[in-house]
Amino acid sequence: MAASEPSSSKQPVAGPYEQIALKAATFRRLHPKLYLERFLAENVRPDGRSFDEWRDVSVNVGSISTADGSALVRMGDTTVVCGVKAEIAEPELDRPEHGFLVPNIDLPAMCSPKFKPGPPSEEAQILSERLNEVLVASNIIPTTSLCIKSGKSAWVLYVDATCINYDGNVFDAALLAMVSALKNTRLPQATYNEETERTTCTRKTMVPLDIAGIPISSSFGIFDATHILADPTTFEEPLLDTTFTITLDDSGGIVSVVQLGLGMAAAGLIGGGKGDVLNQCIEAAKRRSADVRRVLGNVDSRTRN
């Protein structure tokens with residue numbers, strides 16, 4: 001009886017499209033700057049956007065039932081969730097009529113391979129400081145409105161954001177998530193009893209925060225001193241010479257302008273003037289801010305209904 005021949009296992013052969021995609025991915029990994037340059041030479045970015053095009057933004061609020069206010073923001077593939085928790089504490093001696101606003105952002109290892117498990121990264125700490133500066137400068141919530149009893153009792157709002165998927169420009173997404181969560185926050189009616197020196201709360205009456213203004217930030221990257229890229233991705237960010245983040249208030253006034261990177265990187269842009277670059281970014285930020293505010297307005301309409 002003749003022995004049967006072993007069946008030969010055939011390895012799947014990649015088609016032409018798969019081979020091209022593999023070569024492109026390898027080239028992108030080994031030569032990221034040249035990869036980006038070749039796209040920009042064709043007036044398009046690797047994700048298909050034009051230089052001044054922003055990624056789509058979506059905002060959902062109230063999804064965390066254990067928080068006093070919450071929001072989930074998606075900016076392209078960058079996703080940030082934010083929750084607000086309120087506690088009662090004694091005001092500081094030199095600011096007896098002020099409460100506290102404590103923002104913080106976490107960049108866990110699960111959101112991107114660039115972050116490692118352990119204590120907060122330096123980037124997360126810097127982002128938290130920048131977010132705090134913008135919230136204070138914009139006076140989004142007058143801290144006097146958080147005072148329950150002067151020198152005795154005040155609200156502390158912990159505004160904790162977590163990035164669950166990092167694809168660049170996390171500052172803009174985190175600020176929008178914090179603003180949306182604060183707008184969604186409701187606090188129980190609190191009263192201070194002079195006799196017992198205790199603060200009591202009743203959830204029968206829930207009070208919204210006194211929102212004085214809505215800061216919206218817009219970030220831009222300068223690549224190779226020749227291109228302004230709006231809303232940079234995680235692939236583009238390490239290749240940029242410098243970045244501008246412009247935060248505007250409700251009326252379009254400038255709350256803050258932050259530049260990170262080489263000071264004169266933009267010298268070759270827009271007729272050779274750095275001021276021209278900044279002015280162009282500010283005008284683009286005003287248009288972007290108006291678009292984002294319309295998104296927030298739609299969220300408010302859905303919440304009321």
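The values are calculated or read from the model by the stated rules, or taken from the named source; none is laboratory data. Since we're looking at a predicted model, the values are computed, not measured. Using ideal geometry, Cβ is built from the backbone for each residue, glycine included, and neighbour counts are taken over all protein chains shown. Calculation scope for accessible area: heavy atoms of the full protein, side chains included, ligands and nucleic acids excluded. Shrake-Rupley method; radii C 1.70, N 1.55, O 1.52, S 1.80 Å.
What the table shows:
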| read-out | value |
| --- | --- |
| Hits among lysines - C-alpha to C-alpha of LYS286 under 25 Å, sequence gap 8 or more where chains match | LYS183, LYS274 |
| Computed accessible area, ASP94, all protein chains, 1.4 angstrom probe, square angstrom | 120 Å² |
| Most positive-pole-ward Cα, THR247, PRO91, SER112, against dipole of the chain from beta carbon charges | SER112 |
| Structure-based [θ]222 nm, the chain - -39500 (n - 2.57) summed over DSSP H runs of at least 4, per residue, nearest 500 | -9500 deg cm²/dmol |
| Among 253-260, 160-167, the order from most to least packed when residues are scored by Cβ within 10 Å on average | 160-167, 253-260 |
| Computed FRET value (nearest 0.05) for PHE51 with TYR158, which takes r as the C-beta separation and R₀ as 45 Å | 0.75 |
| Overall Cα dimensions of the chain - principal axes, largest extent first, Å | 99, 75, 40 |
| Per-residue ³J(HN,Hα) for segment 149-156, Karplus 6.51 cos²θ - 1.76 cosθ + 1.60, θ = phi - 60°, Hz, x for Gly and Pro | 9, 3, x, 10, 8, 7, 7, 10 |
| Eligible aspartates and glutamates near LYS116 by straight Cα distance, threshold 18 Å, same-chain separation 8 or greater | ASP106, ASP167 |
| Distance between modelled label sites at GLU42 and THR205, nm, 7 Å Cα→Cβ extension | 6.4 nm |
| Cα centroid separation - segment 155-174 against segment 24-83, whole Å | 14 Å |
| Sum of side-chain charges, PRO120 neighbourhood, beta-carbon under 15 Å (Lys, Arg +1; Asp, Glu -1) | -2 |
| Sequence ranges 71-81, 138-148, 112-122, ranked by mean other-Cβ count within 10 angstrom, highest first | 71-81, 138-148, 112-122 |
